[in-house]
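What follows is calculated from the coordinates using simple rules that are stated; it is not laboratory data. It should be emphasised that the depicted structure is a prediction, and the values quoted were computed from it without experimental measurement. Glycine gets a Cβ as well: all are built from the backbone with ideal geometry, and neighbour counts include every protein chain shown.
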Amino acid sequence: MSVFFSALGAALAESIISFSGAALIIFGEEKMKRLAHFTVSFAVGALLGVSLFELIPEALASSGKTFESLAIFIFGGIFLFFVLEKFFIWYHHHGEESEVSSYTHLILWGDFLHNTIDGVIIGLAFLTDVRLGFLTTAAIIFHEIPQEISDFGVLIHGGLDKKKALLYNFLISLSTIFGVLLTFAVGDFLRPFLPYALLVAAGNFIYIAVADLMPELHESSSFRHGISQIAFIILGAILVTVPGFFFE
């Protein structure tokens with residue numbers, strides 16, 4: 001039961017991150033765009049770190065199978081989320097919002113699906129191991145901060161006032177809790193398949209980091225930005241993996 005409440009608390013923490021959109025109000029749009037180089041870089045490192053050093057090794061160890069026999073599940077995760085992004089129109093842009101300002105309702109529905117899947121991944125990680133659950137949640141939160149700021153900007157550009165944008169963003173983010181509840185509801189059925197589900201989740205994180213976030217980092221040709229991006233990618237990977245060695 002404590003594992004369930006830990007997962008629920010982690011999902012709630014991820015939902016509260018939706019209020020990070022208020023940073024646009026406090027600091028202004030231009031300053032947040034400049035900070036995006038650091039937050040997105042950090043998220044890339046966190047997502048890749050938890051995928052390559054936590055989720056995949058855990059799945060291999062618990063399944064007792066070789067990487068070659070399980071790699072198809074990582075590929076499947078990458079391909080699955082490419083298809084979902086293609087047809088359900090998720091927006092992971094942390095830069096210019098004007099091109100999607102007329103699709104406010106699609107942003108909300110896309111975020112509902114995205115956050116539900118985040119909740120499922122959090123639930124899967126906690127069902128496997130509490131330590132892995134917290135590390136996975138941390139990686140998701142690091143990714144969600146720049147995304148929620150971006151989503152808030154999109155909703156504002158789409159015609160919502162600031163209070164409604166914050167409220168809608170928060171309500172939609174509660175679908176993370178729904179994802180956790182859904183996962184634990186079928187937990188007994190899922191347990192034999194947890195290693196494979198973790199590999200699909202790793203594919204999701206790798207896809208988001210490489211296909212959605214890294215291209216944004218190439219938008220700046222500044223050498224100084226490049227050095228800071230590399231540093232923050234490494235820092236993100238370290239912060240979500242090193243703690244795991246102390247809580248085995």
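Here are some notes:
- In plain terms, the residue of Thr39, Thr66, Thr116, Thr176 with the fewest other Cβ atoms within 10 Å comes first and the most crowded comes last, giving Thr66, Thr116, Thr39, Thr176.
- Theoretical gain in end-to-end length, His218 to Phe170 [0.36 nm per residue, Cα-Cα removed]: 14.3 nm
- Phe193 versus Asp161: modelled label distance in nm, points set 7 Å from Cα along the beta carbon direction: 4.6 nm
- Size of the stretch 123-248 as Cα extents on the principal axes (Å, biggest first): 47, 38, 24
- Added length on full extension, which subtracts the Cα-Cα distance from 0.36 nm per residue, Ile230 to Thr66: 55.9 nm
- Gained length - Lys86 relative to Ser2, 0.36 nm times residue gap less alpha-carbon distance: 26.5 nm
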